[in-house]
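*Asks:* One structure coming up, written as structure tokens, with questions to follow.
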Amino acid sequence: MFPNSSNLGRPPFLPKHQQHNNFFNELPLSIPPTLLSHQQIVDARFNFQNAALSRALLSGNFSTIPAVSPQPLTYGNGSSGPISAAPTLFRGRKRLSEQNVPYDVKRQRFHSPHCESTLVNQTVPLPEERRYSFPGSVPSPLFHAHYISDLTGCVPPLRDAQFPDPIETTLPVAKDKLSQQVLELFQACQQQTCDLNKKELCRTELQKEIQRIFPQSRLFLVGSSLNGFGTRSSDGDLCLVVKEEPVNQKTEARHILSLVQKLFCTKLSNYIERPQLIRAKVPIVKFRDKVSCVEFDLNVNNVVGIRNTFLLRTYAYIENRVRPLVLVVKKWASFHDINDASRGTLSSYSLVLMVLHYLQTLPEPILPSLQKNYPESFNPTMQLHLVHQAPRTVPPYLSKNGSTLGDLLVGFFKYYATEFDWSRQMISIREARAVPRPDGIEWRNKFICVEEPFDGTNTARAVHEKQKFDIIKDEFLKSWQRLRDKRDLNCILPVRATIQKR
């Protein structure tokens, strides 16, 4: 099992035959007893310089950690409220390098006009990422848990128990300069365990506060933070599940988010800054955690994001060239200002799907279609409490294609600069090929068509201006020509500056 918080791996909605009145109150709020208590986690988070505590955390001997006597907290109105660690969560110094990070509004990555009525019984795991290993191979001192490697699958299962470390998988060998640059950038910029823990701790505290308004709700961390494609600068995507029934995104979701925004602006204003309600097709509240300096997007009941997270996470780990390639492409797109759906360019989600599609369409594919090869594991109608089990059945994909990371990066730009037919074709990782554009209204007069693998919508519909589309195509063409001629990543992306910025 991946390092998890007390609530992340817990189902918000039980199957109907197991439901009772007020069932949220009956759910266990802690995972194995070997874990730290919540108060110990919070104190450990901000008092790591304490030598005795550090030794206890690193050794796993939690019995030596002194007990903490919680004190009543005083809220903004001066009244004493229930004991909570929320104020503690946001207390601390900002990282100096991120104090002045510009705040650009970006759309939610998972755009789905449809709502799912399936039960939400299990959410995504917390992968423990390490530069040369499979996620989870080194236990986090704050969220101490392991998973066991599956006999056939390359993606580890989720278990609420202690297990031996999984078999580690190394990154590809880089012998040429361009491949070495790709690998260096990936190693420096990939999301670290400490980044993930900050997001998860924030999620835990926000869930407690939101449950004062919506007692039966649960808050889930989804997206790049958990799917294997996160970077150190990745923001956090949160899905607030308020009920198991569908939520009207235009009316009900906006109302719920307005209440959440009000909570952030009043009671939590000392810890949350710049909460903004974005009235997109899938409305979100954007905000910033003042201590971790992490930007968050919070949606309501857009549960397709949970399904997406597991599919992408499986792709991320079945072939060891996938994650480095995706990270470099995301950094490249951001550097060239074509990675912002709110400004009419490509979302990070669309970029990931474009890379996966390219790797599927090579003469000797590096990736298969997981939905074709394992339809029972990635069934779009599968109840969400079963989704987390799917990746454990998927073995590593053994491709006969021995291309280096450098060759694949050059080929990626060439494919979209010279081979892909933007006007007639749609990108589909579900089909593992470029398919003819559908005739539906969703696809008419769209410059870029990227099929969402589960609900079939266009993830690139934000690109609705020809000027922006031409800029995107031009960047692909210029980058391919430069990289083909110079074989140096710096000619399209300043490596040192990107690493320093992260």
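*Asks:* Could you figure out which of (1) part of a helix (DSSP H, G or I); (2) of a type outside the set (Lys, Arg); (3) open to solvent by 40 Å² or more (accessible area, probe 1.4 Å); (4) modelled with pLDDT of 95 or more isn't true of Gln500?
*Replies:* With (1) part of a helix (DSSP H, G or I); (2) of a type outside the set (Lys, Arg); (3) open to solvent by 40 Å² or more (accessible area, probe 1.4 Å); (4) modelled with pLDDT of 95 or more applied to Gln500, the lone miss is (4).
*Asks:* Within the range 368-382, does at least one residue satisfy the condition of being in contact with an Asp or Glu (Cβ under 8 Å, 6 or more places away or on another chain) and under 26 Å from Thr418 (Cα atoms)?
*Replies:* Yes, some residue in the range 368-382 is in contact with an Asp or Glu (Cβ under 8 Å, 6 or more places away or on another chain) and under 26 Å from Thr418 (Cα atoms).
*Asks:* Also, I was wondering about something else. Among the numbered criteria (1) over 23 Å from Tyr349 (Cβ atoms); (2) of a type in the set (A, V, I, L, M, F, W, C); (3) touching a Cys at 6+ places or on another chain (Cβ under 7 Å), which one does Val222 miss?
*Replies:* (1)
*Asks:* Test Phe420 against the stated conditions and say whether it is open to solvent by 30 Å² or more (accessible area, probe 1.4 Å), in contact (Cβ under 8 Å) with a residue 12 or more places away in the chain and among the hydrophobic types (A, V, I, L, M, F, W, C).
*Replies:* no
*Asks:* Can I ask one more? I'm told Ile366 meets every condition in (1) over 30 Å from Val285 (Cβ atoms); (2) part of a helix (DSSP H, G or I); (3) β-branched (Val, Ile, Thr) except one. Can you identify the failing condition by its number?
*Replies:* Condition (2) is where Ile366 drops out.
*Asks:* Only one of Leu298, Leu277 is in a strand (DSSP E or B), within 29 Å of Pro246 (Cα to Cα), open to solvent by 20 Å² or more (accessible area, probe 1.4 Å) and touching a Leu at 6+ places or on another chain (Cβ under 8 Å); which?
*Replies:* Leu277
*Asks:* Over 17 Å from the mean Cα position of the chain (by Cα), open to solvent by 10 Å² or more (accessible area, probe 1.4 Å) and free of Cβ contacts under 8 Å to residues at least 40 places away in the same chain: is that true of Ser258 in this structure?
*Replies:* So Ser258 fits the description; yes.
*Asks:* Is it the case that some residue within the range 398-413 is open to solvent by less than 40 Å² (accessible area, probe 1.4 Å) and over 30 Å from Ser479 (Cα atoms)?
*Replies:* no
*Asks:* Of the numbered conditions (1) open to solvent by less than 10 Å² (accessible area, probe 1.4 Å); (2) more than 30 Å from Ile499 (Cα to Cα), Thr251 fails exactly one; give the number of that condition.
*Replies:* (1)
*Asks:* Taking only the range 175-206 into account, find how many residues are of a type in the set (A, V, I, L, M) and modelled with pLDDT under 95.
*Replies:* Summing the residues that are of a type in the set (A, V, I, L, M) and modelled with pLDDT under 95 in the range 175-206 gives 2.
*Asks:* In the list Ser233, Ser292, which residue meets the criterion of being assigned to a loop (DSSP other than H, G, I, E, B), under 30 Å from Leu185 (Cα atoms) and in contact with a Cys (Cβ under 7 Å, 6 or more places away or on another chain)?
*Replies:* Ser292
The rows are residues; the columns are (1) at pLDDT below 95; (2) part of a loop (DSSP other than H, G, I, E, B); (3) small (Gly, Ala, Ser); (4) open to solvent by 70 Å² or more (accessible area, probe 1.4 Å).
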| position | (1), (2), (3), (4) |
| --- | --- |
| Pro453 | no, yes, no, no |
| Val463 | no, yes, no, no |
| Gln467 | no, no, no, yes |
| Leu477 | no, no, no, no |
| Leu483 | no, no, no, no |
| Asn490 | no, no, no, yes |
| Leu493 | no, yes, no, no |
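*Asks:* Sticking with this structure for a sec: Output the residues belonging to the range 453-498 that are of a type in the set (D, E, K, R) and free of Cβ contacts under 8 Å to residues at least 60 places away in the same chain.
*Replies:* Selection gives Lys466, Asp470, Lys473, Asp474, Lys478, Arg482, Asp485, Lys486, Arg496.
*Asks:* Could you grab me the full set of residues in the range 211-244 that are open to solvent by 10 Å² or more (accessible area, probe 1.4 Å), over 14 Å from the mean Cα position of the chain (by Cα) and of a type in the set (Lys, Arg)?
*Replies:* Arg212, Lys243
*Asks:* So in the range 387-425, with the set limited to residues that are among the small types (Gly, Ala, Ser) and part of a loop (DSSP other than H, G, I, E, B), which one is farthest from Val355 (Cα to Cα)?
*Replies:* Ser423
*Asks:* Tell me, yes or no, whether the range 291-314 has at least one residue that is in contact (Cβ under 8 Å) with a residue 12 or more places away in the chain, among the basic types (Lys, Arg) and under 20 Å from Lys262 (Cα atoms).
*Replies:* Looking through the range 291-314, none of the residues is in contact (Cβ under 8 Å) with a residue 12 or more places away in the chain, among the basic types (Lys, Arg) and under 20 Å from Lys262 (Cα atoms).
*Asks:* (1) at pLDDT 95 or above; (2) not in a helix (DSSP H, G or I): which one isn't true of Val355, the others all being true?
*Replies:* For Val355, the failing item is (2).
*Asks:* Report, by residue number, each residue of the range 193-230 that is in a strand (DSSP E or B) and of a type outside the set (A, V, I, L, M, F, W, C).
*Replies:* Arg218
Here's the yes/no breakdown for (1) not charged (D, E, K, R); (2) not in a strand (DSSP E or B):
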position: Val285; (1), (2): yes, no
position: Arg288; (1), (2): no, no
position: Ile306; (1), (2): yes, yes
position: Val328; (1), (2): yes, yes
position: Lys331; (1), (2): no, yes
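The values are calculated or read from the model by the stated rules, or taken from the named source; none is laboratory data. In this text, all values refer to a predicted model and were calculated from it rather than measured experimentally. Positions of Cβ are backbone-derived with ideal geometry, glycine not excepted, and every protein chain shown enters the neighbour counts. Keep in mind that these areas ignore ligands, DNA and RNA; they rest on the heavy atoms of the full protein, side chains included. Shrake-Rupley method; radii C 1.70, N 1.55, O 1.52, S 1.80 Å.
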